[in-house]
Amino acid sequence: MEALLPVYEEAAVSRFYNDALVAAVESVVAALPPGRLLCVIEVGAGTGGTAASVLPSLELSCARYTFTDVSEVFLRQAEPRFARFARFMQYELLNIDADPRLQGFAAAQFDVAVATNVLHATPFIRHTLRNCRRLLRPGGLLLVNEALATSAFAQITFGLTDGWWLFA
Ligand SMILES: C[S@@+](CC[C@H](N)C(=O)[O-])C[C@H]1O[C@@H](n2cnc3c(N)ncnc32)[C@H](O)[C@@H]1O
């Protein structure tokens, strides 16, 4: 799968924005009081392009990194790939279009939520953002790495997937 879908990790644009996300995570880590560890959730983590970028920066500062996706296949692929970070990795199904509390997630348990190119694949962005917020502690951060405009190229490639057209 990785060999087939390097686009979220190796394309120049993906690298640029994943690096920006890493910089944001590193600024959160740098502001932590001594001994404080972060609980992080990634929504729609998919092929793991963003996780691969941010995990090295969290290695010493993470109590828990919950790698989630609506599709189980990505969780199965991610677990061996990120075995080096097994101390703090968890893998869970999560549909961010629905209330996480109804999917086994306690409210307000994460310091940081990361979402790369997933929030647009839901019908109602307002519901989706509310669901992200439910996962966060007061003062928690949602780091969104998301396309804000479309293009002909995107329409004839990603536009072939159902998720592209789910917005209402
Ligand atoms: C465009 S891919 C991005 C994958 C990953 N964030 C990355 O950058 O490598 C979108 C991902 O969102 C997931 N997804 C789609 N709808 C979702 C939903 N309602 N809740 C959670 N994940 C979803 C898909 O399974 C897919 O893995």
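The values are calculated or read from the model by the stated rules, or taken from the named source; none is laboratory data. Since the structure is predicted, the reported quantities are computational estimates derived from the model, not experimental observations. Don't worry about glycine lacking a Cβ; one is built from the backbone with ideal geometry, like all the others, and counts go over all protein chains shown. Side chains are part of the model used for accessible areas, which takes the heavy atoms of the whole protein and leaves out ligands, DNA and RNA. Shrake-Rupley method; radii C 1.70, N 1.55, O 1.52, S 1.80 Å.
So here's what we get for this one:
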{"item": "Relative packing of peptides 31-39, 53-61 - highest average C-beta neighbours within 10 Å first", "result": "53-61, 31-39"}
{"item": "Region 95-146: relative contact order as a whole-number percent, Cα under 8 Å and 6+ apart", "result": "50"}
{"item": "Theoretical ellipticity at 222 nm over the chain - DSSP helices of four or more residues, -39500 (n - 2.57) apiece, nearest 500", "result": "-10500 deg cm²/dmol"}
{"item": "Gyration tensor (alpha-carbon) shape descriptor, region 1-105, a/c threshold 1.5", "result": "oblate"}
{"item": "Packing-based ranking, highest mean first, of 138-148, 153-163 given that Cβ atoms within 10 Å are counted", "result": "138-148, 153-163"}
{"item": "Relative contact order (percent, whole number), region 7-165, Cα cutoff 8 Å, 6+ residue spacing", "result": "21"}
{"item": "Probe 1.4 Å, protein heavy atoms only - accessible area per residue of region 7-165 in square angstrom", "result": "53"}
{"item": "Long-range HN-HN contacts of N117 with modeled amide H, under 5 Å", "result": "N145, E146, A147"}
{"item": "Between region 82-97 and region 137-168, the Cα center-to-center distance that results, in Å", "result": "21"}
{"item": "Net +/- balance of residues flanking V144 in space, Cβ distance below 13 Å, scoring K and R +1, D and E -1", "result": "-1"}
{"item": "Dipole magnitude of the chain, debye to nearest 20 (Cβ charges: Lys/Arg +1, Asp/Glu -1, about Cα centre)", "result": "540"}
{"item": "Shape category assigned to region 79-159 from the gyration tensor of Cα positions, a/c cut at 1.5", "result": "oblate"}
{"item": "Lys/Arg +1, Asp/Glu -1 at C-beta; the chain dipole; positive extreme among L102, A83, Y65", "result": "L102"}
{"item": "Gyration tensor (alpha-carbon) shape descriptor, region 16-168, a/c threshold 1.5", "result": "prolate"}
